[in-house]
1. Only residues that are open to solvent by 10 Å² or more (accessible area, probe 1.4 Å) and either in a loop (DSSP other than H, G, I, E, B) or at pLDDT 95 or above (or both): list them for the stretch 118-140, please.
2. Given the structure, is Arg23 modelled with pLDDT under 95, touching a helix residue (DSSP H, G or I) at 6+ places or on another chain (Cβ under 6 Å) and under 30 Å from Gln204 (Cα atoms)?
3. I'd like to know if the stretch 154-171 contains one or more residues that are open to solvent by 60 Å² or more (accessible area, probe 1.4 Å) and part of a loop (DSSP other than H, G, I, E, B).
4. Could you check, for the stretch 71-83, whether at least one of its residues is among the hydrophobic types (A, V, I, L, M, F, W, C), part of a helix (DSSP H, G or I), more than 18 Å from the chain's Cα centre (by Cα) and at pLDDT below 95?
5. Restricting attention to the stretch 207-224, does a residue exist that is modelled with pLDDT of 90 or more, open to solvent by 30 Å² or more (accessible area, probe 1.4 Å), part of a helix (DSSP H, G or I) and farther than 15 Å from Trp124 by Cβ?
6. Which ones in the stretch 157-171 are touching a residue at least 40 places away in the same chain (Cβ under 8 Å) and over 20 Å from Tyr196 (Cα atoms)?
Amino acid sequence: MATGKAIEDPESRFTALLLRAARLPGVRVDREAYLRTALARHCSEFEVRMAIADTPAAAGIPLDVLDRVANESIRYETAKVSALSAAVGLPGPLALPATVPADLAQYVSHMLRIAQKLAYLYSWPNLFSDDGDDELDDATKGVLTLFFGVMYGTQSANAAVGKVAQMMSEQVAKKLPQKALTKGVVYPVVKKIAQYLGVEMTKQTFAKSVSKAIPLVGAAVSGTLTFATFRPMARRLKAHLSGLDLAKPEVQVIPGEVVQDEPSPAEGQAKIPQPGRDWRLVKRRR
């Protein structure tokens, strides 16, 4: 009986779906490789290297540049998940028991992909371990649950993500606050969001079943439905993450040339800097 109750529990249902999607091939986004590829066309090599070594905010990359890159990633992931959803809808009603769960899993996997990409652009740390471990740790599950909550438009998730970002801003080493996400002040919110998402994704499963009931036509409806839901959710997460202090460009020290200016008459006796290499402070416009 306990097992049956666990399966029926919305929180457990969502957690199981999240873990299943996280194990699918290609779901995990390599932070370094993504930032290098995504920023290369918009930033200098110095900025790209600094963004990878620290964060895009520490590299002083303006938010308008990050927003353009984020929009490119959202378009890519939306097109991909919509095409896959349409393809899964081709077999028709007889294949529903297999195609609907598969479609939901690949939908969640693309939510994971865009969540990672947006997080890395807006200066969140690596969400997955580098040791190849297939399992998500509790802190990562917690923050991904909150990200999904933001995508679904829950205000409590917005507030909790802001709290987590504030905790990270106060740390010297940028990393997820393990205690807060697993048993501290944010943890109760994570559990409530997981329950909410379990209910919402059950409704989504039903909608997917209806959309795939008619061959060919169901494929078009399924792809359109996926496009209409995925893109607004991704944009919602982008808007929230980009508005946090964690994402704002920091003052950056970069190498530059000291330029010798002609002194004005009033400055006749003033000391004139000598030409050559030096360091200067440049504050990026926020």
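1. Pro125, Asn126, Phe128, Ser129, Asp130, Asp131, Gly132, Asp133, Asp134, Glu135, Leu136, Asp137
2. No.
3. yes
4. Among the residues of the stretch 71-83, at least one is among the hydrophobic types (A, V, I, L, M, F, W, C), part of a helix (DSSP H, G or I), more than 18 Å from the chain's Cα centre (by Cα) and at pLDDT below 95, which makes the answer yes.
5. no
6. First pass over the stretch 157-171, keeping only residues touching a residue at least 40 places away in the same chain (Cβ under 8 Å): 158, 161-162, 165-166, 168-169.
Scanning the stretch 157-171 gives Ala165, Gln166, Met168, Ser169.
The values are calculated or read from the model by the stated rules, or taken from the named source; none is laboratory data. In this text, all values refer to a predicted model and were calculated from it rather than measured experimentally. Note that each Cβ is placed from the backbone with ideal geometry, even for glycine, and that neighbours are counted across all protein chains shown. Calculation scope for accessible area: heavy atoms of the full protein, side chains included, ligands and nucleic acids excluded. Shrake-Rupley method; radii C 1.70, N 1.55, O 1.52, S 1.80 Å.
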